[in-house]
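All remarks here apply to the structure that follows.
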Amino acid sequence: MTDEVVLLSTWGSMFGMRASIALAEKGVKYEYKEENLENKSPLLLQMNPIHKTIPVLIHNGKPIRESAIIVQYVDEVWNDKAPIMPSDPYQRAQDRFWVDYIDKKVYDTWRKMWLSTGEEHETWKKELISIFKQLEETLGDKPFYGGDTFGFVDVGLIPFYCWFYTFETYGNFKMEAKCPKLIAWAQRCMERETVTTT
Amino acid sequence: MADEVVLLDFWPSPFGMRIRITLAEKGIKYEYKEEDLRNKSPLLLQSNPVHKKIPVLIHNGKPICESLIAVQYIEDVWSNRNPLLPSDPYHRAQARFWADYVDKKVYDLGRKIWTSKGEEQEAAKKEFVEALKLLEEQLGDKTYFGGDNFGFVDIALVPFYTWFKAYETFGNFNIESECPKFIAWVKRCLQKESVSKSLPDPHKVYEFVVEIRKRIGIE
């Protein structure tokens, strides 16, 4: 029986991109359905009645929700190629920690910076930059967060790269000046077809 | 080589309780270290420099932070005893989803109930009860969220029961009358030694919340 895979997402969503990249890494054929978040489809509301958010992966009619959970699911089901999670339990725990860190910190801080002005804005801007510096420190000298291979944290973070220009514009700073190693990492990721075609 | 397992924790923390239960389920011997959150130990600050929070599991000197991540780590390492996550990827994804739902909803709403008043508190209570009812629906007629076996979602959720007396007293409502199936599930969980020995007395938690409220000036 051939797998039927559908991804409900929106073009600008960093979380949706994580799912697309994971599917591309595994070479999974799927149907992409663009959602209009101001007019959510009956399918989305039926598949994610609890949060009503994208992305939702629908595999043979069954929904999987939350981007980090989707990526792990894709890795477990299509386990014959391109492993995303490390095999070592401690490394796996570290990867989950950093994706959780990205989830807890990046988006919320960005929003706070975007929606504030004056001193408050400056505070959130400093916080956002320190978050990226932390992520740069975590990368260290490795080519990818996964070491030599593109892994869970790489998938978790790279979609935010296309938002860097927006962060920079609203925050009036240059990411390359603040976090050059992170930019170098992002450029390495962008050499991957699975990332650029997403 | 014998495993060295240490848990940095704070007795009323539902997040710490999750790890205590998991270690008990797996029969793992460990050293419990109580942290004073107003005077965090050098070990805690060194083990969790990013968030500086408990719980932290330290296995052979290496720290694992965030309770659900630590539970999954224990499951991965001690995989031959008492599996806590389903083997099927789809059911595993569902278990992770519901544990994440507990993290997104139960703690924050519960906290709002005992720290706020008036309309804000009423809104929090309403949402809290809705969340428990949704979880009740998810439980259905199963013995545990894990089905016949106590599992990941049960572990993620049952510790919050110890805070119910505090929520009910300060929120002026009764959870059992709103969500009887939920309480029935809690009671089944409490029959397990791994749970009953890992959870503090709700009365003690309530007294702790009374103290905190005084300290942060809520009247």
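The values are calculated or read from the model by the stated rules, or taken from the named source; none is laboratory data. Predicted model only: the values in this text are computed from it and were never measured. Reconstructed Cβ throughout: ideal geometry from the backbone, glycine too, with neighbour counts over all protein chains shown. All accessible areas refer to the heavy atoms of the entire protein, side chains included, with ligands and DNA or RNA removed. Shrake-Rupley method; radii C 1.70, N 1.55, O 1.52, S 1.80 Å.
A few comments on the model shown:
- For B:Asp148 and B:Glu122, the FRET efficiency from 1/(1 + (r/R0)^6), where r spans their Cβ atoms and R0 equals 25 Å, is about 0.05.
- For region A:1-81, the equivalent ellipsoid built from the Cα gyration tensor has semi-axes of 20, 13, 11 Å, listed from largest to smallest.
- Alpha-carbon centroids, region B:24-63 and region B:151-219: separation in whole Å: 23
- Whole-percent P(r), region A:19-132, all Cα pairs, 10 Å bins from 0: 12, 31, 32, 21, 4, 0.
- Taking the helices alone, chain A has a mean residue ellipticity at 222 nm of -17000 deg cm²/dmol, built from -39,500 (n - 2.57) per DSSP H run of at least 4 residues and averaged over all its residues.
- Whole-percent carbon and sulfur share, accessible surface of chain B, 1.4 Å: 48
- Cross-link pairs A:Lys142/B:Lys40; A:Lys52/B:Lys105; B:Lys142/B:Lys187; A:Lys142/B:Lys62 - those with Cα-Cα distance over 23 Å: A:Lys142/B:Lys40
- For chain A, a Gaussian network of Cα nodes joined below 10 Å ranks A:Leu57, A:Leu23, A:Leu45 by mean-square fluctuation, and the top entry is A:Leu45.
- Given a 1.4 Å probe and the protein chains as shown, A:Arg92 ends up with an accessible area of around 50 Å².
- Working note: 222 nm ellipticity from helices only, DSSP H runs with n ≥ 4, each -39,500 (n - 2.57), summed and divided by the residues of chain B, gives -17500 deg cm²/dmol to the nearest 500.
- Ranking B:Leu23, B:Leu43 from most to least accessible surface, computed with a 1.4 Å probe over the protein chains only, gives B:Leu43, B:Leu23.
- Between region A:1-70 and region B:90-114, the Cα center-to-center distance that results, in Å: 21
- Using a Förster distance of 30 Å, the FRET efficiency for B:Lys52-B:Asp88 (Cβ separation, nearest 0.05): 0.20
- Accessible-area ranking of B:Glu193, B:Glu127, A:Glu76, A:Glu35, largest first, probe 1.4 Å: B:Glu193, B:Glu127, A:Glu76, A:Glu35
- Per-residue mean of C-beta atoms belonging to partner chains within 10 Å, peptide A:95-108: 3
- Neighbouring partner chain Cβ atoms per residue of B:62-70, average, 10 Å criterion: 4
- Average beta carbon contacts from partner chains per residue of A:71-79, 10 Å cutoff: 3
- In summary, the aspartates and glutamates within cross-link reach of A:Lys174, defined as a Cα separation below 20 angstrom excluding same-chain residues under 8 places away, comprise A:Asp108, A:Glu119, A:Glu120, A:Glu122, A:Glu127, A:Glu136, A:Glu137.
- Efficiency of FRET from Cβ geometry, A:Gln134 and A:Asn172, R₀ 30 Å, rounded to 0.05: 0.90
- Using a 1.4 Å probe over protein heavy atoms, the accessible area lost on pairing B with A, summed over both chains, comes to approximately 2300 Å².
- Using only side-chain charges placed at the Cβ, +1 for Lys and Arg and -1 for Asp and Glu, the dipole size of chain A relative to its Cα centre rounds to 220 debye.
- Rg and Dmax [Cα atoms of chain A; Å; Rg one decimal, Dmax integer]: 17.1, 59
- Protein-only accessible surface order, largest first, of A:Thr117, A:Thr109 at 1.4 Å: A:Thr117, A:Thr109
- For region A:39-157, the solvent-accessible area of protein heavy atoms averages 45 Å² per residue (probe radius 1.4 Å; ligands and nucleic acids excluded).
- Accessible area of A:Lys105 (1.4 Å probe, protein heavy atoms only, ligands and nucleic acids ignored): about 50 Å².
- For the protein assembly as shown, the Stokes-Einstein estimate of translational diffusion at 4 °C and a viscosity of 1.567 mPa s comes to 56 µm²/s, using the Kirkwood hydrodynamic radius over alpha-carbon pairs.
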